[in-house]
Amino acid sequence: NEDRSTAILVLHALTGDAHISGPAAPGQLTAGWWEEAVGPGKPLDPERYFLVVPNVLGGCQGSTGPASAAPDGQPWGSRFPVISTRDQVQAEARLADYLGIPTWNTVIGASLGGHRALEWGVSFPLRCERLVVVASAACTNAERAAWAHTQIRAIELDPNWRGGDYYDQEEGPHAGLNLARQIAHATYRSPEELDARFGRAPQDREDVLSGGRLAVQSYLDYHGAKLVRRFDAGSYVALCRTMLSHDVGRDRGGVVEALKAVTARTLVVAVDSDRLFFPEQVWQMAAGISGAFYREIHSDHGHDGFLIEHDQLTALLDEFLNERIPSRASSFA
């Protein structure tokens, strides 16, 4: 569908990319990250909407990032600037101009993508008719900043980091990236889920008293190693720095004042067990947007519930896009 009036901008999370739908392929080690929402008869139907899913500025899957060539032909590395959510949205606005899209039918983002979606609503209120922000926030609070900081430091303390200039070396800061992902993944899941799944169980026949691992340690090791196979440490640091600086209220009189600029019809969704973006904080963001609808997804899986509980999220998306928000939904005048 090439009707630009139906254009929907979908903004991925921290380590996501433009591969929203489709099978694994060369250069794409996994299937699309939102298969459940995209396709014929689904909320994001390509026959109905013109879908645009850009790689984030600073990432490593297409848009310019630390591994990209600078004007001198060498990787940016340590010279890559600190970029903000606002910078990323300005780049996406230039993409929209290039594609001939004056106004988005809908801007959708979750987690780090939700930061950008909300920034779109504040920076370009006349270019967003509808807005969907999932498991995200208007600014990075002290706790989320602490988690981002520890992940950055895990990478920087890897001897192979070399200040960010490791691209000409055989071995990059893989151990640091692995550990950073493990720190992050622990915040993506709920304590209840981890206890229910793993408890005190050892990994296979490993003995903790002899230096062996618990099953939960093996689980985190797996997810750390999995990310190393598909992501760049420099981009991970750049995007964590973006999270550190995220604040829609910066130079706008604060968050409350900034949110008043949003004119898009808005749906804000929280995950009830999320310990990275706590529901009460997401609710406060929704309360600051005139007429916004606030809903919660029930999940035992924490922050990752927005990906795991796809039936609930796609149902909400379908209701919102088709203007069938039920009476039980909360809205703010």
Exercise. Run through the DSSP bridge list for the chain and note the antiparallel percent, rounded to the nearest 5.
Key: 20
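Can you compute the charge dipole magnitude of the chain about its Cα centre, using +1 on each Lys and Arg Cβ and -1 on each Asp and Glu Cβ, nothing else charged? Give it in debye, rounded to the nearest 20. Show your work: numbers first, answer last.
On the way: 30 positive and 42 negative charges, 113 e Å.
Here the size comes out at about 540 debye.
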Practice problem: For region 5-160, just list the percent of Cα-Cα distances falling in each 10 Å bin from zero outward, please. | Solution: 10, 35, 36, 16, 2, 0
Quiz item: How big is the equivalent ellipsoid of region 25-72 along its three axes, where each semi-axis is √(5λ) from the Cα gyration tensor, reported in whole Å from largest to smallest?
Solution: 29, 13, 8
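Count charges around ASP158 for me, please; just the other residues with Cβ under 15 Å from its Cβ, Lys/Arg as +1, Asp/Glu as -1.
-2
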Practice problem: Provide the packing ranking of 151-160, 248-257, 117-126, i.e. peptides ordered by the mean count of other C-beta atoms within 10 Å per residue, highest first. | Solution: 117-126, 151-160, 248-257
Quiz item: Using bins 5 angstrom wide from zero, how does P(r) for region 214-333 break down, in % of all Cα pairs?
Solution: 2, 9, 13, 16, 19, 16, 11, 8, 5, 1
Practice problem: Over the chain, give the accessible area per residue in Å² for a 1.4 Å probe, as an integer. | Solution: 44
Self-check item: Answer label for volume of the Cα convex hull per residue in Å³ (calculated), chosen among (i) 123; (ii) 152; (iii) 164
Solution: (ii)
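Taking all protein chains in place and a 1.4 Å probe, what share, in percent, of the accessible surface of the chain do carbon and sulfur account for?
That share works out to 52 percent.
The values are calculated or read from the model by the stated rules, or taken from the named source; none is laboratory data. Model, not experiment: these values are computed from the prediction. Neighbour counts are summed over all protein chains in view; Cβ atoms, including those assigned to glycine, are modelled from backbone coordinates with ideal geometry. Only protein heavy atoms, including side chains, enter the accessible area calculation; ligands, DNA and RNA are left aside. Shrake-Rupley method; radii C 1.70, N 1.55, O 1.52, S 1.80 Å.
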